[in-house]
Structures are given as structure tokens and as C-alpha cells.
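Peer 1: Quick one: the structure is below, and I'll ask about it shortly.
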Amino acid sequence: MSTPSASSAAAVAAAPAAPAIELVVLDMAGTTVVDDGVVEQAFARVADRVDLGPTLTRDEALQHVRDTMGQSKIEVFRHLTGGEEPLAQRANEQFEVAYGELVDELGVEPIAGAGDLVDALRASGRSVVLTTGFSPATRDRLLDALGWSVDAALSPVDAGRGRPAPDLVLAALLRTGASSVAAVAVVGDTTSDVLSGRASGAGLVVGVTTGAHTREQLLAAGADVVLDSVRELAGLPQFAGVAVPAAAPVAAPAAVAVPVA
């Protein structure tokens with residue numbers, strides 16, 4: 001089984017008791033998929049290609065992107081363009097293009113152990129749903145590259161509102177037939193993920209430090225527990241019996257090449 005780090009071991013010991021978890025809602029970029037600034041790079045390319053208007057400077061716009069990581073991308077662009085809907089839509093389209101370019105250039109790399117965790121959770125009888133602020137096209141491209149089998153993958157357009165609203169979590173519950181929100185665990189690397197989980201009434205809200213926001217930020221947003229990696233989720237008492245293979249003492253796995261569409 002996966003062995004938690006020292007910081008995560010302390011977090012595991014402090015994790016609250018909760019009903020049996022039937023559904024695990026996992027964020028994608030930064031939580032189960034390595035980001036390494038790719039989202040910011042895509043936004044930077046958009047700023048080079050589209051005049052977002054005079055509302056914010058480039059530095060202010062990029063800071064807003066960092067602060068709102070995990071939220072629906074179209075909502076981010078609506079803010080950046082001062083509510084100019086046609087401009088926001090054009091910028092969002094260019095973001096999808098730019099992100100696709102970066103996927104082609106850099107490939108897709110899962111967070112170490114994330115795929116094993118997904119398999120182990122499903123083998124234990126739990127449902128796994130991936131959620132993201134990306135469009136369905138970008139989301140599905142990532143999922144195809146990873147080759148994971150999940151119960152559902154959802155974008156804001158599938159649910160209503162993006163994070164930090166609870167819609168994605170609640171849509172996942174409805175899609176999988178989980179018995180109650182108390183039986184749902186939400187896992188993410190951003191404060192928006194945590195706020196969405198809290199707003200949904202999820203029984204367990206977990207932050208991970210492999211993405212955009214710090215342990216302190218995630219705890220301040222309301223995370224029940226913060227782990228160093230999503231693979232350590234299996235160490236929480238709510239997931240007793242979920243066996244994730246120990247990480248091999250080798251270099252990080254190579255990125256998965258994605259064919260150019």
C-alpha cells in the first residue's frame with residue numbers, strides 16, 4: 001500500500017470520522033494530472049493572440065488566473081474581459097486551442113500513483129468521477145491520453161455552474177446514484193475545489209498540494225485534511241482496505257504522447 005509522507009501522516013491522524021464513502025470526485029489538472037504551469041502558459045498564449053481589453057494589465061490578468069485556478073475557464077475570461085461576452089467566448093476558444101497545442105508539445109503526465117488510485121477505488125466498489133473547469137473536448141482529450149476508466153467525467157457545461165459552486169459535485173452524485181452527499185469525498189488542489197466540496201455538503205473534502213494552492217490556503221478554504229499527493233488518499237480511515245501499490249523508487253513516468261488531431 002501507499003505510505004503517507006510525514007506531513008500527510010499527521011493529516012491522516014487528524015482526519016474527521018465520516019460515513020462510508022461511495023463516490024470520490026477528483027479534480028484533474030493539478031490533482032490527478034501534472035500541470036507544471038501549463039494552464040498559465042495557455043492563458044499567456046491567449047493574451048498574446050487576443051486583446052482582452054483595458055480592464056486589467058497582463059500581470060493582473062495572470063494573477064487572477066492563478067487565484068481562480070480550478071474555476072470554469074469561460075467565467076475567468078468573462079471577468080478578464082469586463083463582461084464582454086463575445087470577447088470572452090473568443091478568448092475561451094483560443095484557450096482551448098492553446099491548451100491543445102501545449103498538450104501536443106509536452107504530452108500528458110499523470111500525478112504519480114493517480115491511475116493506480118483510480119483503479120483501486122473502483123475495485124473497492126466506489127464510484128470515481130473526474131471534474132474539471134475545461135471544456136468537454138479538452139477534458140476528453142486528456143482522459144483519452146491517460147487511458148483511465150472512470151464512472152464519469154464532468155465539465156461545467158454538464159452540471160450548470162463551475163466551481164466554486166457545488167454543481168459539479170452534485171451532478172456527479174446524480175450521475176452515479178450515490179446515496180447521499182455525506183457519502184461523497186471531494187479531492188482537489190485549489191481553493192475552488194475545496195469550496196465546491198464544502199458547498200455541496202460532501203462528507204469529506206480533501207486538499208492536495210500538487211497543484212495551484214498551498215496547504216495553508218486549502219485549510220483556510222475549509223479542507224478537512226490536506227495531503228501531499230492524491231495517492232495518499234488510500235491512507236485515510238474512510239478508505240481502509242483500498243490497496244494502492246507503493247511508489248516505485250524510479251524517476252517520474254514519461255509524459256504520454258498525444259497524437260495531433
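The values are calculated or read from the model by the stated rules, or taken from the named source; none is laboratory data. Owing to the predicted nature of the structure, the values given are computational and were not obtained by experimental measurement. Note that each Cβ is placed from the backbone with ideal geometry, even for glycine, and that neighbours are counted across all protein chains shown.
Peer 1: Tally up the residues in the stretch 126-142 that are out of contact with any Phe, Trp or Tyr (no Cβ under 7 Å at 6 or more places or on another chain) and modelled with pLDDT under 95, please.
Peer 2: Restricting attention to the stretch 126-142, the residues satisfying the condition of being out of contact with any Phe, Trp or Tyr (no Cβ under 7 Å at 6 or more places or on another chain) are 126-137, 139-142.
Checking which are modelled with pLDDT under 95 leaves us with 132-137, 139-142.
Final tally of qualifying residues: 10.
Peer 1: Can you give me the number of residues within the stretch 220-247 that are closer than 24 Å to D167 by Cα and surrounded by fewer than 16 Cβ atoms within 10 Å (Cβ to Cβ)?
Peer 2: 2
Peer 1: Got a number for residues in the stretch 218-233 being among the small types (G, A, S) and touching a residue at least 40 places away in the same chain (Cβ under 8 Å)?
Peer 2: Within the stretch 218-233, residues that are among the small types (G, A, S) and touching a residue at least 40 places away in the same chain (Cβ under 8 Å) number 1.
Peer 1: Please return the ranges of helices (runs of 4 or more DSSP H) entirely within the stretch 143-214 where 1 or more residues are at pLDDT below 95 and in contact with a Gly (Cβ under 8 Å, 6 or more places away or on another chain). If you could, list the steps in order and put the result at the bottom.
Peer 2: Numbers: elements: 156-159, 167-176, 191-200.
Fully inside the stretch 143-214 and qualifying: 156-159, 191-200.
Peer 1: Of everything in the stretch 108-142 that's of a type in the set (A, V, I, L, M) and assigned to a helix (DSSP H, G or I), which residue is surrounded by the fewest Cβ atoms within 10 Å (Cβ to Cβ)? Before you say what the answer is, go through the steps one by one.
Peer 2: The first filter runs over the stretch 108-142 and keeps only residues of a type in the set (A, V, I, L, M), leaving 108, 111-112, 114, 117-118, 120-121, 123, 128-130, 137, 142.
Adding the requirement that they be assigned to a helix (DSSP H, G or I) leaves 114, 117-118, 120-121, 123, 137, 142.
On the way: A114: 25, L117: 27, V118: 23, A120: 23, L121: 24, A123: 10, A137: 12, L142: 23.
This residue is A123.
Peer 1: Find all pairs meeting these conditions: Cβ atoms under 9 angstrom apart; at least six residues apart or on different chains; first residue within the stretch 50-73 and surrounded by fewer than 19 Cβ atoms within 10 Å (Cβ to Cβ); second residue in a helix (DSSP H, G or I) and hydroxyl-bearing (S, T, Y).
Peer 2: From residues that are surrounded by fewer than 19 Cβ atoms within 10 Å (Cβ to Cβ), the pairs are D67/T191.
Peer 1: Please give the number of the condition V33 fails out of (1) of a type in the set (V, I, T); (2) more than 30 Å from V184 (Cβ to Cβ); (3) at pLDDT 85 or above.
Peer 2: (2)
Peer 1: What number of residues within the stretch 215-226 are within 17 Å of F239 (Cβ to Cβ) and either not assigned by TED's automatic domain parsing to the domain that holds G160 or not in a strand (DSSP E or B) (or both)? Don't jump to the end; show me each part of the working.
Peer 2: First, pick out the residues of the stretch 215-226 that are within 17 Å of F239 (Cβ to Cβ): 223-226.
When the remaining residues are screened for being either not assigned by TED's automatic domain parsing to the domain that holds G160 or not in a strand (DSSP E or B) (or both), the result is 223-224.
Selection size over the stretch 215-226: 2.
Peer 1: Inside the stretch 80-95, can you point out the residues that are assigned to a helix (DSSP H, G or I) and crowded, with 17+ Cβ neighbours inside 10 Å?
Peer 2: Filtering the stretch 80-95 for residues assigned to a helix (DSSP H, G or I) gives 80, 85-95.
Once the filter is applied, which keeps residues that are assigned to a helix (DSSP H, G or I) and crowded, with 17+ Cβ neighbours inside 10 Å, the stretch 80-95 yields L80, L87, A88, R90, A91, N92, Q94, F95.
Peer 1: How many residues are farther than 22 Å from A185 by Cα and either in the same structural domain as S229 (by TED's automatic domain parsing) or hydroxyl-bearing (S, T, Y) (or both) when one looks only at the stretch 42-73? Outline the logic, then answer.
Peer 2: Of all residues in the stretch 42-73, those farther than 22 Å from A185 by Cα come to 42-67, 73.
Next, only the ones that are either in the same structural domain as S229 (by TED's automatic domain parsing) or hydroxyl-bearing (S, T, Y) (or both) stay: 55, 57.
Adding up the residues that qualify gives 2.
Peer 1: Now for a different question. Kindly indicate whether V76 is farther than 26 Å from R58 by Cα and either in contact with a Ser or Thr (Cβ under 8 Å, 6 or more places away or on another chain) or not in a helix (DSSP H, G or I) (or both).
Peer 2: Values: farther than 26 Å from R58 by Cα: no; either in contact with a Ser or Thr (Cβ under 8 Å, 6 or more places away or on another chain) or not in a helix (DSSP H, G or I) (or both): yes.
No, not satisfied.
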